[in-house]
Every structure is written in structure tokens, then in C-alpha cells.
1. May I ask you to list the residues in segment 114-150 that are modelled with pLDDT of 75 or more and of a type in the set (Gly, Ala, Ser)?
2. In this structure, does Ser26 turn out to be modelled with pLDDT under 85, more than 16 Å from the ligand (Cβ to nearest atom) and touching an Asp or Glu at 6+ places or on another chain (Cβ under 8 Å)?
3. Restricting the first residue to segment 101-128 and requiring it to be within 18 Å of Thr25 (Cα to Cα) and of a type in the set (Val, Ile, Thr), which pairs with a second residue that is within 13 Å of the ligand (Cβ to nearest atom) and modelled with pLDDT of 70 or more meet a Cβ separation below 8 Å and a spacing of at least six or different chains?
4. Kindly provide the set of residues from segment 73-98 that are of a type in the set (Val, Ile, Thr) and either away from the ligand (no atom under 14 Å from the Cβ) or in a helix (DSSP H, G or I) (or both), ordered by number.
5. Can you tell me which residue among Ile7, Ile101 is assigned to a helix (DSSP H, G or I), β-branched (Val, Ile, Thr) and within 16 Å of the ligand (Cβ to nearest atom)?
6. Quick check on Leu70: is it within 30 Å of Ala10 (Cα to Cα), within 16 Å of the ligand (Cβ to nearest atom) and touching a strand residue (DSSP E or B) at 6+ places or on another chain (Cβ under 7 Å)?
7. Suppose the filter is within 23 Å of Pro209 (Cβ to Cβ) and surrounded by fewer than 21 Cβ atoms within 10 Å (Cβ to Cβ); does Val92 pass it?
Amino acid sequence: MLKLTPILLAILYALGMYRVSVWRTSRELDARSTELADPALRRLTDRMAEALDLQRIRVHIYEIAPVNGLAAPDGRIFITRGFYQKYRAGEVSAEEMASVIAHEMGHVALGHARKRMIDFSGQNAIRTALMMVLGRIVPGLGVMIANALTSLLSARLSRDDEYEADAYAAALLTKAGIGIAPQKDLFRKLERLSGGGAGAMPAWLMSHPKTEERIAALEALERRWR
Ligand SMILES: [Zn+2]
């Protein structure tokens with residue numbers, strides 16, 4: 001029992017962290033978002049809603065500058081003000097915006113948004129437990145090894161999520177008659193916007209796998225569906 005106590009404490013701590021971060025995230029999003037009302041985008045989201053037999057797809061604007069889209073653990077979909085401005089300025093087309101919305105819907109539909117919050121607190125529990133065990137075997141280095149192992153694990157998990165969300169978006173865009181082309185165009189566009197350097201890289205790309213590989217995965221789907 002005494003040996004298990006640190007692990008039990010780590011799990012309790014992780015559960016607490018999970019509650020707090022879900023609460024914090026939704027409070028932050030509530031305070032800084034409004035519903036998106038754009039006629040051209042609405043026409044496209046209505047087509048996607050029809051393809052999914054939904055009444056409508058609600059999208060919210062999150063008032064921050066970085067170019068990003070996100071799916072909240074409660075299932076709401078957000079586009080940042082920065083991303084919306086690129087669309088308003090004509091740099092990103094309505095169909096390309098629809099592909100971002102479809103991708104985020106994929107994260108919601110496939111349960112990633114919720115899983116990610118669990119991952120986050122699950123990771124804390126794994127890290128804490130690993131640190132306790134490794135810390136005894138290799139004092140000092142144990143913490144570093146524990147950190148490296150946990151981040152490797154989470155990178156692996158989120159990479160798979162991105163490919164799944166892309167595939168979901170591709171299917172939805174195809175069914176809605178919008179097609180996969182805007183999805184691929186947007187990847188290339190964002191890559192160009194970043195100018196190849198990581199400095200100006202849009203946040204939406206940074207958290208995702210390599211653009212080339214994502215496009216290749218989409219093309220493989222296209223071939224299979226044709
Ligand atoms: Zn994603």
C-alpha cells in the first residue's frame with residue numbers, strides 16, 4: 001500500500017488538473033468569443049450540415065491574433081480572429097476556411113478534443129509516476145528521462161489525431177460537394193505564409209504534421225475514393 005501511495009497521489013493530482021483545465025478553457029472561450037456570422041461561410045457550413053444531417057454548424061470567433069482553429073472539449077468549434085481576418089482580406093478563400101472548420105469538426109466527431117484534455121492530465125500522471133520511479137534508480141537524470149518519454153508519447157498521439165481529422169474533413173468536404181482541393185491549397189498557402197522559417201509559422205500548422213505528408217495522405221485518399 002505504501003509503495004502505491006505516490007502513484008495514487010499522482011492520479012488524484014491529474015484528475016484535479018483535468019477538472020481545472022476544462023473549466024478554465026471553457027471560461028476563457030466564453031469570455032472571448034462570439035458566434036461567426038458570415039453569409040458566404042454560412043452557405044458552406046450549411047452544405048456540410050446537410051451532408052451530416054445536422055440542423056446547422058455553429059462556429060465561433062475566438063478573439064486572438066494567431067492564425068488558428070480549435071475544437072473545445074465541449075464540442076464547440078472556434079476560428080481565431082487572426083484567421084478570420086486573413087479570410088476577410090481575401091488571403092484565404094471561403095472554401096479554405098470551410099476546410100479548417102471541417103478539420104476541427106473531425107477532432108470533435110472523433111473525440112480528440114476531449115481525449116486531448118485527458119491526455120494532458122494523463123501525461124501529468126504518467127510523468128509524475130515515472131519521475132518517482134526513475135528518480136530512485138537514476139537520481140537527477142530520472143526527471144529528464146521521464147519528461148522525454150512523456151513528450152514522445154504525446155507527440156505520437158497528436159500526430160495520429162491530425163491525420164484522422166484531415167481524413168474526416170476530406171470525406172465531409174467531398175460529400176458536401178466542396179471537394180478536397182481547398183484543403184490542400186490551404187496547407188500550401190499557410191506553408192508559404194510562414195515563409196519556410198519557423199518564426200512566422202501560423203499556429204495552426206505548427207501543432208500539425210509536415211505539410212507535404214498531409215497533402216500526400218489526402219491524395220492517397222482521393223485515389224482510393226475515385
Ligand atoms: Zn488539428
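The values are calculated or read from the model by the stated rules, or taken from the named source; none is laboratory data. Remember, it's a predicted structure, so these values are computed and weren't measured experimentally. As a convention, Cβ positions derive from the backbone with ideal geometry for all residues, glycine included, and neighbour counts pool all protein chains shown.
1. Ala129, Gly135, Gly140, Gly142, Ala146, Ala148
2. In short, yes.
3. Val108/Ala71; Val108/Ile77
4. Val92
5. Result of the check over Ile7, Ile101: Ile101.
6. yes
7. In short, no.
Residues are listed down the side, and each one gets a yes or a no for (1) surrounded by fewer than 17 Cβ atoms within 10 Å (Cβ to Cβ); (2) more than 12 Å from the ligand (Cβ to nearest atom); (3) outside any helix (DSSP H, G or I); (4) within 18 Å of the chain's Cα centre (by Cα):
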| residue | (1), (2), (3), (4) |
| --- | --- |
| Thr150 | no, yes, no, no |
| Arg159 | yes, no, no, yes |
| Ala165 | no, no, no, yes |
| Lys184 | no, yes, no, yes |
